Amino acid sequence: MARLCSLRRQTLLLLALPLILATTASAFPSWIGVYGSYERHNAVNPGAFSVLLNEDYWGLHAEVVIRVDAGSWQAYEMNYVGNVDGNSVWTRSHDAAFPTNATVEYYFHGWDDWGGNITDNNGGVWGRGKCLQKCSEFCGAK
């Protein structure tokens, strides 16, 4: 009888596992960006980049992807810094100053360990999903 109960528990667990995984996977963020007092960049050279995703769970990641003067795109993983109103908050302080008067393009990418992907292009107003600004306007002269 004890063996039968054990088998029933294992069967129930195996039947419930796909439901649990499907629930986790369906929670992928539908929004990435900033609102309120949050800014994508803090207007300092090299400065800090910030973005929020409208979900917060283990396995979620964010990065800022940057290129300078039409060079190659470089991705920089962002750091999780907390939760605000159910949104995960991510930041990245850039390591090196951008050259004065350089054209700096950037966008944000969120993903999770289960294959979800989302990008922030500020509603498309930057053209091709990139932010295009002169560094002297964008982050001050170095």
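Any read-out appearing in this document is the output of simple, stated calculations on the displayed coordinates, not a laboratory observation. Keep in mind that this is a model prediction, so the values were computed, not measured. Cβ placement follows ideal geometry from the backbone for every residue including glycine, while neighbour counts extend to all protein chains displayed.
Points worth noting:
- For Phe108, Phe28, order by how many other beta-carbon atoms lie within 10 Å, fewest first: Phe28, Phe108
- Among Leu60, Leu52, a tally of other beta-carbon atoms within 10 Å of each Cβ gives an order, fewest to most, of Leu60, Leu52.
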